[in-house]
Structure formats: structure tokens, C-alpha cells
Amino acid sequence: MQQLRNIFTNKYLITGIAFAVWMLFFDRNDISLQLKRVNELKKLQESEKVMDQQITDTKHELTLLKTNPETLEKYAREKYMMKKDNEDLFIIISDSSSIR
């Protein structure tokens, strides 16, 4: 019993426990904030991967547009709805609420 009492009255142990509690819960960089930052970092890294893939795709598309005239014509027709003089252009807009 005396030995247990000596352990709990040890000033270094009490100081260490108080310091750990302070750092984990009361400090401005507490554990919950650190976990939020880790989650945000993971989301940003995933977003970076997606953006890198989009950049790669866009660069590939740009090289195709610069080198291949057929691709340029296809791009102009699809993106800007351009047409030749002797063609008719039909734009079909599907309403997702009417399709069941």
C-alpha cells in the first residue's frame, strides 16, 4: 500500500501525466485537430492525383488537336456545335426526370 502511494505522489509522474493530458486535449494543436489535418491531407492528395490525371489527359488532347486535323474537326463539332454549310444540326437534350 505504501509503495502504491509513493507511485501516485511521485512529482515526476504527476507532471508527466499532466503534460500528456494538456498536450492531448487542451493545446491548440490537440489530437482532434491533428486527426482532422491528416484527413484533409489525404483528401488533398487524392485531389492532386485526379488533377494530375486531368492535366495528362488535357496535354494528350492538345497534342492530338495540334497534329491531327480530323481530331480538331471532331472537337469543334462536339464542343462548340459547329457544322458544315450543307449539314443540319440537331441538339437533343434529355430530361432525366421524364425518363423512368
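Dividing the summed helix terms, -39500 (n - 2.57) for each DSSP H run of n ≥ 4, by the number of residues in the chain produces a 222 nm estimate of -22500 deg cm²/dmol to the nearest 500. Applying 0.36 nm per residue to the separation of K83 and M1 and subtracting their alpha-carbon distance, the gain on full extension is 20.1 nm. When Cα extents along the principal axes in Å is computed from the coordinates, the matching label among (i) 62, 30, 19; (ii) 39, 31, 26; (iii) 102, 42, 21 is (iii). Sorting D52, D95 by the number of Cβ atoms found within 10 Å of their own Cβ, with the fewest placed first, yields D95, D52.
List the pairs from K43/K83; K49/K74; K42/K74 whose alpha-carbon separation is above 31 Å, in the order I gave them. Cα-Cα > 31 Å for K43/K83; K42/K74; rest within.
Just so you know, all these numbers are worked out from the coordinates, no wet-lab data involved. The model shown is predicted, which means the values in this text are computed figures rather than measured ones. Positions of Cβ are generated from backbone atoms using ideal geometry, with glycine treated the same way; all protein chains shown enter the neighbour counts.
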